[in-house]
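J.: Have a look at this one before I ask anything.
The values are calculated or read from the model by the stated rules, or taken from the named source; none is laboratory data. All figures in this text were calculated on a predicted structure; none of them were measured in a lab. Every residue, glycine among them, receives a Cβ derived from its backbone with ideal geometry; neighbour counts consider all protein chains shown. Areas reflect the complete protein model, heavy atoms only, side chains present, ligands, DNA and RNA absent. Shrake-Rupley method; radii C 1.70, N 1.55, O 1.52, S 1.80 Å.
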Amino acid sequence: MENETKKNGWVKPIVWLVVIVLVVWGGYSLFSKKTSTETSQIKIGVVLPLSGDLAVVGEKLRNGIMIAQEKSPKNIEFVYENSGSDAKTAVSAVQKLIDVNGVNIVIGPYTTEQVLAVAPILKDKNIPAFTFTICYSEISAYENILCGYPGATSQLESMLPLIANKQIKSIATVSENSTFSQDAKNFVKNNTS
């Protein structure tokens, strides 16, 4: 029973993520200048690591999205592509989804490297995307990409009032050499001095 709970622990969050994406897309469709015949069929491209090192995660995400797909309106079509746990493959997958399949929105890719590789294409084609990655500063610069997890800046903004109220004069940061840690370090440095 415990293993079954662990195995299915991803399902609810993924279903809710897809529902949120569908609601956002629905609002976008309602307020865009397209006519109802242009928006009657919605194609959602899904780019997941279905092979390679991250295949286990990709399969779990796909299973959750497929549950949401079963509950979604019939005018919504999901088209899946494999990113192969690789940025170059993710670029090819996104290009195919847009140019061949004609998707209106993209869910994925999974990793920061992949998202940064496909972001210029999504921006150029004006395709909104929801990604599962942390929203690093480089990704948050793209207005058409929604991230599944807040970046360091978003997480640390809530601490600024505490620092001011406690009149903290100095802060030491110890961090690893990762994008998240560097964003955190730069935020603290630029907002607390």
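J.: Using a 1.4 angstrom probe and counting only protein chains, how large is the accessible area of Leu162 in Å², to 10?
T.: Probe radius 1.4 Å; accessible area of Leu162 about 100 Å².
J.: Can you sort Glu176, Glu81, Glu59, Glu143 by solvent-accessible area, 1.4 Å probe, largest first? Write out the running numbers ahead of the final one.
T.: Working: Glu176 120, Glu81 35, Glu59 60, Glu143 180 Å².
Correct descending sequence by accessible area is Glu143, Glu176, Glu59, Glu81.
J.: Beyond 26 Å between alpha-carbons counts as too far, so tell me which of Lys88/Lys125; Lys60/Lys96; Lys43/Lys88; Lys43/Lys123; Lys71/Lys125; Lys88/Lys189 fall in that bin. Don't skip to the answer; put the middle values down first.
T.: Numbers: Lys88/Lys125 18 Å; Lys60/Lys96 23 Å; Lys43/Lys88 23 Å; Lys43/Lys123 18 Å; Lys71/Lys125 28 Å; Lys88/Lys189 34 Å.
Cα-Cα > 26 Å for Lys71/Lys125; Lys88/Lys189; rest within.
J.: What full-extension length gain, to one decimal in nm, is calculated for Gln182 and Ser51 as 0.36 nm per residue of separation minus the Cα-Cα distance? Please report the intermediate quantities before stating the final value.
T.: Values: separation 131, 0.36 × 131 = 47.16 nm, distance 3.01 nm.
Between Gln182 and Ser51, full extension yields an extra 44.2 nm.
J.: A follow-up question, please. Provide the net charge surrounding Thr173, with neighbours chosen by a C-beta distance below 9 Å and charges set as Lys +1, Arg +1, Asp -1, Glu -1. Don't skip to the end; give the middle numbers.
T.: Working: positive: Lys185, Lys189; negative: none.
With Lys, Arg at +1 and Asp, Glu at -1, the net is +2.
J.: What net charge do the residues around Asp99 carry, taking every other residue with its C-beta under 15 Å from that of Asp99, with Lys and Arg at +1 and Asp and Glu at -1? Each step should come with its number before you reach the end.
T.: Working: positive: Lys43, Lys96, Lys125; negative: Glu81, Asp124.
Spelling it out: positives minus negatives among the neighbours equals +1.
J.: Per residue, how much accessible area does region 95-189 show when a 1.4 Å probe rolls over the protein heavy atoms, in square angstrom? Could the numbers behind the result be given before it?
T.: On the way: 5410 Å² over 95 residues.
With the other protein chains kept in place, region 95-189 gives 57 Å² per residue.
J.: Ignoring ligands and nucleic acids, what accessible area does Tyr136 show with a 1.4 Å probe (Å², nearest 10)?
T.: We get 30 Å² for Tyr136.
J.: Can you work out the FRET efficiency for the pair Asn126 and Ser154, with r the C-beta to C-beta distance and R0 = 25 Å, to the nearest 0.05?
T.: Plugging the Cβ-Cβ distance into 1/(1 + (r/R0)^6) gives 0.55.
J.: If you place +1 on the Cβ of every Lys and Arg, -1 on the Cβ of every Asp and Glu, and leave all else neutral, what size is the dipole of region 66-193 about its Cα centre, to the nearest 20 Debye?
T.: Values: 10 positive and 12 negative charges, 79 e Å.
Magnitude of the dipole: close to 380 debye.
J.: I would also like to ask the following. If the viscosity is 1.306 mPa s and the temperature 10 °C, what Stokes-Einstein diffusion coefficient in µm²/s follows for region 59-162 when Rh is the Kirkwood radius over Cα pairs?
T.: On the way: Rh = 14.6 Å.
Estimated diffusion coefficient is 109 µm²/s.
J.: Decide, for region 128-193, between rounded, prolate and oblate: order the square roots of the alpha carbon gyration tensor eigenvalues as a ≥ b ≥ c, take rounded if a/c falls under 1.5, and otherwise choose prolate if a/b is larger than b/c, else oblate.
T.: Working: a/c = 2.93, a/b = 1.93, b/c = 1.51.
Verdict is prolate for region 128-193.
J.: Rounded, prolate or oblate, given the Cα gyration tensor of region 50-92, with a/c below 1.5 counting as rounded? Could the numbers behind the result be given before it?
T.: Details: a/c = 4.94, a/b = 1.75, b/c = 2.83.
Verdict is oblate for region 50-92.
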